[in-house]
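Q: Below is the structure I would like to discuss, written out as structure tokens.
The values are calculated or read from the model by the stated rules, or taken from the named source; none is laboratory data. Here the structure is a predicted model, which means the values were calculated and not measured. Neighbour counts are summed over all protein chains in view; Cβ atoms, including those assigned to glycine, are modelled from backbone coordinates with ideal geometry. Note: areas computed on protein heavy atoms with side chains; ligands, DNA, RNA excluded. Shrake-Rupley method; radii C 1.70, N 1.55, O 1.52, S 1.80 Å.
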Amino acid sequence: MTDTALVHQKVNAIMVSLFEIEPEAIKPESSIFEDLGLDSLDAIDLVIKFQEVFGIKPQSEEVQKIRTMNDVYDLVQTYHNKNA
């Protein structure tokens, strides 16, 4: 499994466990707000979970730009690559 695929798998598992989202609903193009039903408080919880799981601490302006799952993957991957 590639590093990118592993990050996607971990992020998806977090979405499923933290927000009880059906795995098949999570697609790269899914809007985290409209399609997956998250709100701004959920986004904060997600960032906290990323800090725990991946050891990353994204800047608030980076988090505010997140709209789709692809944005989430890119953010985590960017930090993961920096820490590798």
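Q: Any chance you could count the Lys pairs in the chain whose alpha carbons are under 14 Å apart, treating pairs 8 or more apart or on different chains as valid?
A: Lysine pairs meeting both conditions in the chain amount to 4.
Q: Between I48 and K10, 0.36 nm times their residue separation minus their Cα-Cα distance comes to what? Working shown, then result.
A: Numbers: separation 38, 0.36 × 38 = 13.68 nm, distance 1.45 nm.
Here the answer is 12.2 nm.
Q: While we're here: When only C-alpha pairs under 8 Å and at least 6 residues apart count, what is the relative contact order of the chain, in percent? Walk me through the intermediate numbers first.
A: Working: 56 pairs, mean separation 27.8, N = 84.
Relative contact order of the chain: 33 percent.
Q: Helix by helix through the chain, keep the DSSP H runs that span 15 Å or more along the axis on Cα and average at least 0.5 on Kyte-Doolittle, and give those back in order. Mind showing how you got there, number by number?
A: Working: long enough: 3-19 (24 Å, 0.82); 40-54 (21 Å, 0.91); 69-83 (21 Å, -1.15).
Both cut-offs are met by 3-19, 40-54.
Q: Round to a whole number: what % of the accessible area of the chain belongs to carbon and sulfur, probe 1.4 Å?
A: On the way: 2670 of 5180 Å².
Carbon and sulfur: 52 percent of the exposed surface of the chain.
Q: Rounded to the nearest 500 deg cm²/dmol, what is the calculated helix-only ellipticity per residue at 222 nm for the chain, with -39500 (n - 2.57) per DSSP H run of length n ≥ 4? Could you put the intermediate results ahead of the total?
A: Working: 4 runs with 52 residues, N = 84.
Dividing the helical sum by the residues of the chain leaves -19500 deg cm²/dmol.
Q: If you don't mind, another one. Could you compute Rg(Cα) / (2.2 N^0.38 Å) for region 1-75, with N its residue count? Walk me through the intermediate numbers first.
A: Values: Rg = 11.4 Å, N = 75, 2.2 N^0.38 = 11.3 Å.
Relative to the rule-of-thumb radius for its length, region 1-75 sits at 1.00.
Q: Tell me, what is the per residue accessible area of the chain in Å², probe radius 1.4 Å? Mind dumping the intermediate values first?
A: Working: 5180 Å² over 84 residues.
Value for the chain: 62 Å² per residue.
Q: Continuing with the same structure: Compute the signed sum of charges (Lys and Arg +1, Asp and Glu -1) over the other residues within less than 12 Å, Cβ to Cβ, of S30.
A: Numbers: positive: K27, R67; negative: E22, E24, E29, E34, D35, D71.
Net local charge, S30 excluded: -4.
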